[in-house]
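First the structure, which I've put down as structure tokens, then a few questions once you've had a look.
The values are calculated or read from the model by the stated rules, or taken from the named source; none is laboratory data. Because the structure is a prediction, the values reported are computed rather than measured. Cβ sites come from the backbone with ideal geometry, for glycine too, and all protein chains shown count toward neighbours. For the accessible areas, the whole protein counts, side chains as well, though only heavy atoms, and no ligand, DNA or RNA atoms are used. Shrake-Rupley method; radii C 1.70, N 1.55, O 1.52, S 1.80 Å.
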Amino acid sequence: VEPLTVAWMLGFSEKDVMFDVGANIGVMSVIAAAVRGARVFSFEPHSENYAVLCRNVAQNNLSDLIQAWPVAVCDETGFDNLHIMDIRPGGANHAFGEPKNFLLDQQTFPHIQESYSVRLDELVKSGILPKPDHIKIDVDGFEYKVLAGMEACLAEGMVNSLLIEVNSNLD
């Protein structure tokens, strides 16, 4: 578990809304919901991770607080390839759209899964999702695309806090 992320979530209030972008198997989603009572919207496009995420939500009796979405969050809405580095549950370093690694260098991936991406701005504006209080982003180098797809959310000042796992090797 990532201690800085957990410490950040301990500052949430009950009923706060968190978007967990790049939720993987849902560890952080479960902590936010179980410990703080947050409403969590988890986004995970990798099919194996998404399946475990859904099991974790069910096994922790958190279906009333966590909604899991099997999609990538990006700067465009549409279909594309999810380039998968590790097919096993919990695997990471995948890339939606462009076959690039976390350093944004061209990469050959051993697996490809077709997937769909959404823009958070569209989901919030249309009322499909509520306005987020907190957003966690962990997408292995593609954080800039997630941020581009939520410019309106950020510009309108609706987000109280934003935690982004960044790659310090990028300029």
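Relative to the longest principal axis of the chain, what angle (0 to 90°, nearest 10) does the C-alpha long axis of helix 47-59 take?
The angle comes out at about 20 degrees.
Relative contact order, percent, of the chain when contacts are C-alpha pairs under 8 Å separated by at least 6 residues?
Values: 368 pairs, mean separation 36.5, N = 171.
Over the chain, the number comes to 21 percent.
Using alpha-carbon positions, what is the distance between the centroids of the stretch 20-45 and the stretch 122-161, in Å?
If we compute the Cα centre of each part, the gap is 15 Å.
Continuing with this model, one more query. Which percent of the accessible heavy-atom area of the stretch 59-101 goes to carbon and sulfur, probe 1.4 angstrom? Walk me through the numbers before you get to the answer.
Values: 1070 of 2280 Å².
C and S atoms contribute 47 percent here.
If you take every residue apart from residue 124 with its C-beta less than 11 Å away from the C-beta of residue 124, what net charge results, scoring Lys and Arg +1 and Asp and Glu -1?
Values: positive: 119, 125, 131; negative: 121, 122, 156.
Surrounding charge for residue 124 is 0.
With the other protein chains left in place, how much accessible area per residue, in square angstrom, belongs to the stretch 103-171 at a 1.4 angstrom probe?
Numbers: 3800 Å² over 69 residues.
Heavy-atom accessible area per residue stands at 55 Å².
Can you tell which of 52, 92, 154 lies farthest toward the positive end of the dipole of the chain, using +1 and -1 charges on the Cβ of basic and acidic side chains (Lys, Arg; Asp, Glu)?
It is 52, whose Cα lies furthest towards the positive end.
Right, here's the next one. Please work out whether the stretch 1-71 counts as rounded, prolate or oblate from its C-alpha gyration tensor, where a ≥ b ≥ c are the square roots of the eigenvalues and a/c under 1.5 means rounded, while otherwise a/b larger than b/c means prolate and anything else oblate? Don't skip to the end; give the middle numbers.
Numbers: a/c = 1.77, a/b = 1.44, b/c = 1.23.
Prolate is the answer for the stretch 1-71, as a/c is 1.5 or above and a/b outweighs b/c.
When a/c is below 1.5 the answer is rounded, else prolate if a/b is larger than b/c, else oblate, so apply that to the stretch 90-129 with a ≥ b ≥ c taken from the square roots of the Cα gyration tensor eigenvalues. Could you put the intermediate results ahead of the total?
Numbers: a/c = 2.91, a/b = 2.38, b/c = 1.22.
It is prolate, given that a/c is not under 1.5 and a/b is the larger ratio.
A further question follows. Just how large is the dipole of the stretch 1-110 about the Cα centre, in debye to the nearest 20, putting +1 at every Lys and Arg Cβ and -1 at every Asp and Glu Cβ?
Working: 6 positive and 13 negative charges, 75 e Å.
Charge dipole, the stretch 1-110, about its Cα centre: 360 debye, nearest 20.
Additional query: How charged is the neighbourhood of residue 28? Take every other residue with its Cβ under 13 Å from the Cβ of residue 28, and add Lys/Arg as +1 and Asp/Glu as -1. Walk me through the numbers on the way to the answer.
Numbers: positive: 36, 136; negative: 2, 20, 44, 138, 165.
Neighbour charge sum, excluding residue 28 itself: -3.
Could you please report the charge total around residue 16, scoring K, R as +1 and D, E as -1 over all other residues with beta-carbon less than 14 angstrom from its beta-carbon? Present the calculation step by step, with values, prior to reporting the outcome.
Details: positive: 15, 36, 39, 131, 136; negative: 14, 20, 133.
Result for the local shell: +2.
Hey, another quick one. State, to one decimal in nm, how far the label point of residue 98 lies from the label point of residue 55, with both points 7 Å from Cα in the Cβ direction.
3.4 nm
In degrees from 0 to 90, rounded to the nearest 10, what is the angle of the helix 27-36 Cα long axis to the longest principal axis of the chain?
10 degrees
Using a ≥ b ≥ c from the Cα gyration tensor of the stretch 117-169 (square roots of the eigenvalues), is it rounded, prolate or oblate, where a/c under 1.5 gives rounded and otherwise the larger of a/b and b/c decides, a/b for prolate? Before the final figure, lay out each step's value.
Numbers: a/c = 2.28, a/b = 1.62, b/c = 1.41.
Prolate shape, in that a/c is at least 1.5 and a/b is the bigger ratio.
Right, here's the next one. So who's got an amide H within less than 5 Å of the one on residue 16, skipping anything under 5 residues away but keeping other chains? H placed 1.01 Å off N, in plane.
Result for residue 16 returns 39.
A follow-up question, please. Scan around residue 162 for amide H atoms under 5 Å from its own, H built in the peptide plane at 1.01 Å from N, and keep only partners 5 or more places away or cross-chain.
When sequence neighbours closer than 5 places are left aside, the close amide H contacts are 135.
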